[in-house]
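The values are calculated or read from the model by the stated rules, or taken from the named source; none is laboratory data. The structure displayed is predicted, hence computed values, not measured ones. All Cβ positions, glycine included, derive from the backbone under ideal geometry; neighbour counts span all protein chains shown. Each accessible area value is taken on the protein alone, full model and side chains, heavy atoms only, with ligands, DNA and RNA left out. Shrake-Rupley method; radii C 1.70, N 1.55, O 1.52, S 1.80 Å.
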Amino acid sequence: MPTESGSCSTARQAKQKRKSHSLSIRRTNSSEQERTALPREMLEGQDSKLPSSVRNTLLELFGQIEREFENLYIENLELRREIDTLNERLAAEGQAVDGAELSKGQLKTKASHSTSQLSQKLKTTYKASTSKIVSSFKTTTSRAVCQLVKEYIGHRDGIWDVSVARTQPVVLGTASADHTALLWSIETGKCLVKYTGHVGSVNSIKFHPSEQLALTASGDQTAHIWRYVVQLPTPQPVADTSISGEDEVECSDKDEPDVDGDVSSDCPTIRVPLTSLKSHQGVVIAADWLVGGKQAVTASWDRTANLYDVETSELVHSLTGHDQELTHCCTHPAQRLVVTSSRDTTFRLWDFRDPSIHSVNVFQGHTDTVTSAVFTVGDNVVSGSDDRTVKVWDLKNMRSPIATIRTDSAINRINVCVGQKIIALPHDNRQVRLFDMSGVRLARLPRSSRQGHRRMVCCSAWSEDHPLCNLFTCGFDRQAIGWSINIPALLQDK
């Protein structure tokens with residue numbers, strides 16, 4: 001009888017092995033279903049304190065996870081079978097062609113390539129499945145604890161900064177690229193005062209700690225101090241702005257609020273400042289009051305920060321050292337400390353507690369522009385950057401951050417709720433996210449075609465004591481938004 005060739009024998013062995021693997025897969029699949037059916041029936045039959053809708057949702061989600069992993073397990077077996085078959089075929093071909101054994105390195109390379117593909121597929125599928133589950137819970141949580149209360153519409157260009165007055169009456173301030181700063185009634189959303197003293201973009205606004213004074217920084221290379229007097233109107237009932245449906249609804253520029261009409265034209269206008277601070281040779285991007293309000297600090301694109309005496313308008317110190325343009329400055333609420341951030345990827349801490357000397361410490365840790373750095377409770381500073389990270393630092397140890405938050409978009413001017421230690425992060429991608437000081441994500445502010453920002457969110461500001469809104473955001477969609485954050489529920493969900 002004719003004898004079989006080596007290649008035919010190898011093919012027959014591979015076919016028999018494939019058949020045995022197929023039977024093994026079916027047996028494994030059926031046995032897995034038998035093992036999981038009983039626990040699931042037991043779970044459905046147990047008494048639970050969860051509402052039936054939530055329980056059914058959980059069962060459905062876990063069922064999806066189980067099916068995903070079953071499919072991955074089957075695909076894993078198939079891939080392993082193909083790897084074995086490939087190795088056998090390559091070894092047989094190597095003997096038939098040149099009689100030499102195929103090197104183990106070649107086999108290892110091909111097997112490694114197939115294994116890496118399997119690993120990547122596992123990661124992708126697992127991430128998609130878990131993201132679906134996490135988003136289901138996060139969306140519900142965010143809607144429950146974060147609600148849009150009021151929109152403040154009236155600027156003709158993007159809003160760079162938002163701030164809340166520290167004295168009574170409590171008003172909201174916005175600084176805009178339309179060369180104006182506006183003061184608003186938080187309750188009614190009505191414009192109370194319009195400041196038009198600058199001839200360039202108004203990049204920052206901060207309120208005096210004890211008097212009705214505002215400090216604004218501008219692209220006209222100056223900072224202005226001006227006094228305001230406001231009378232709050234009678235509050236109106238707040239409309240229900242809750243929505244249903246998905247948060248992630250993409251919006252075009254056509255969805256932006258219609259602000260062609262100047263709604264602030266009928267409010268009182270201030271045109272001349274009490275004091276003008278003039279020493280910079282470039283855009284003044286930010287300004288803030290030192291504790292006590294007798295001095296003010298400014299940050300400029302001329303790579304310097306200046307410390308002024310408010311009463312005399314004289315320059316007290318010029319703070320030099322940054323290699324590129326400054327992006328922000330912030331003062332400590334209780335001590336004579338100033339922090340400045342820059343495009344040179346660093347931020348610096350300036351200490352004026354000793355009148356005779358002032359020291360400086362440099363913080364390095366970001367790989368791109370540091371867009372803002374702000375003080376928190378105690379000796380901590382939080383910095384945000386275009387490198388898509390936020391870092392929490394201990395002033396006593398500058399070598400490395402104590403917490404790092406990684407995001408999917410560049411960070412703009414951040415703000416910290418000092419009492420509750422919650423960080424609000426405004427992003428270039430129109431999102432606003434809330435984190436705690438250890439880097440744990442707490443919530444994301446709702447955003448849809450009906451509410452939220454339509455373009456880049458530039459700044460955030462907390463107002464911890466206001467009964468209506470305790471977080472404000474502004475963006476380049478020409479509006480500011482007041483949010484009500486249920487902080488106890490937020491922290492409880494964590």
Legend entry - Residue count for segment 190-210, restricted to those that are within 19 Å of Pro268 (Cα to Cα) and over 26 Å from the mean Cα position of the chain (by Cα): 10
Legend entry - Residue list for segment 309-340, restricted to those being closer than 25 Å to Ala165 by Cα and of a type in the set (Gly, Ala, Ser): Ser313, Ala334
Legend entry - Tally, over segment 347-372, of residues that are crowded, with 18+ Cβ neighbours inside 10 Å and over 19 Å from His317 (Cβ atoms): 7
Inset, instruction - Return yes when Ser341 is at pLDDT 95 or above, assigned to a strand (DSSP E or B), closer than 22 Å to Ser218 by Cα and among the polar types (S, T, N, Q) and no when it is not. - result: yes
Inset, instruction - Mind counting the residues in segment 383-422 that are over 20 Å from Val145 (Cβ atoms), hydrophobic (A, V, I, L, M, F, W, C), in a loop (DSSP other than H, G, I, E, B) and open to solvent by less than 30 Å² (accessible area, probe 1.4 Å)? - result: 1
Inset, instruction - Report whether or not Ala214 is out of contact with any Pro (no Cβ under 9 Å at 6 or more places or on another chain), closer than 21 Å to Val291 by Cα and at pLDDT 95 or above. - result: yes
Inset, instruction - Name the residue, out of Thr269, Thr346, Thr304, that is at pLDDT 95 or above and under 20 Å from Val381 (Cα atoms). - result: Thr346
Inset, instruction - Could you tell me whether any residue of segment 428-447 is open to solvent by 10 Å² or more (accessible area, probe 1.4 Å), under 22 Å from Thr180 (Cβ atoms) and either modelled with pLDDT of 95 or more or of a type in the set (Phe, Trp, Tyr) (or both)? - result: no
Inset, instruction - Please state which of the following conditions Gln479 fails to meet, knowing it meets all the rest: (1) open to solvent by 40 Å² or more (accessible area, probe 1.4 Å); (2) on the phi < 0 side of the Ramachandran plot. - result: (1)
Inset, instruction - Considering only residues that are not small (Gly, Ala, Ser) and not in a strand (DSSP E or B), look in segment 291-306 and name the one that is least open to solvent (accessible area, probe 1.4 Å). - result: Thr304
Legend entry - Filter result for the condition that a residue is open to solvent by less than 50 Å² (accessible area, probe 1.4 Å), of a type outside the set (A, V, I, L, M, F, W, C) and touching a Cys at 6+ places or on another chain (Cβ under 9 Å), over Asp309, Asp288, Asp266: Asp288
Legend entry - Flag for Arg166 being out of contact with any Lys or Arg (no Cβ under 9 Å at 6 or more places or on another chain), surrounded by fewer than 24 Cβ atoms within 10 Å (Cβ to Cβ) and of a type outside the set (A, V, I, L, M): yes
Inset, instruction - Taking Asn486 as meeting all but one of (1) closer than 15 Å to Cys146 by Cα; (2) open to solvent by less than 20 Å² (accessible area, probe 1.4 Å), write down the number of the exception. - result: (2)
Inset, instruction - Give just the number: which of (1) part of a loop (DSSP other than H, G, I, E, B); (2) over 18 Å from Val392 (Cβ atoms); (3) in contact with a helix residue (DSSP H, G or I) (Cβ under 8 Å, 6 or more places away or on another chain) does Ala489 not satisfy? - result: (1)
